[in-house]
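To start, the structure under review is shown below, and the notes come after it.
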Amino acid sequence: MTARQPLTAVSEAPVTRVRRTDDGRRLRTPAPLTLAGLAGAVACALAAAVGLWFMPFVVGVAVGALSGRRRVSRGLLAAVLAALGWAVPLLWENWHGVPIVATARVVAALAGLPPLPEITLLAAALTAALQGLVGYLLGRAMAGYGR
């Protein structure tokens, strides 16, 4: 019979690819998709301030095409994070007294919703998130990662 090595001896082998700090903690760098999502959020916020309402879709396509073979859930999170950056200028205008509330009430009345500006702003944020989601899926499909 041959002697077997205990399992602990095998698992204690140093891993060369993982960077560690001096006290042994693992160094974690931000994931590329998280950085892409934050950059997309800034791009969507700036585009919404100018009036480009379709920018969450464009950012979603870009994140989907650049996501590679990574898991879909991480890319979806990045695309939705980017799309929610679209709501930042709306909230900024609301906080600084721009008459966005009156416009939101009119839009809510035209859409058949209760005349609450919060519902209209939530509907706008959900629309941006949906644009980011559809753009992400289209970007993955165009890049050939949907298989």
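All of the numbers you see were taken from the coordinates with simple rules; none came from a lab. Keep in mind that what you see is a predicted model, and the values were worked out from it rather than measured. When we count neighbours, we look across all protein chains shown, and the Cβ atoms used for this are built from the backbone with ideal geometry, even at glycine.
So the values come out like this:
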quantity	calculated
Highest-first arrangement of 120-128, 98-106, where packing means the average Cβ count within 10 Å	120-128, 98-106
For region 32-143: Kirkwood Rh in Å [reciprocal of mean 1/r, alpha carbons]	14.1
Farthest toward positive dipole pole in region 32-143 [+1 Lys/Arg, -1 Asp/Glu at C-beta], among Val134, Pro99, Ala48	Val134
Pairwise Cα inverse-distance average, inverted: Kirkwood Rh of region 43-83 (Å)	10.4
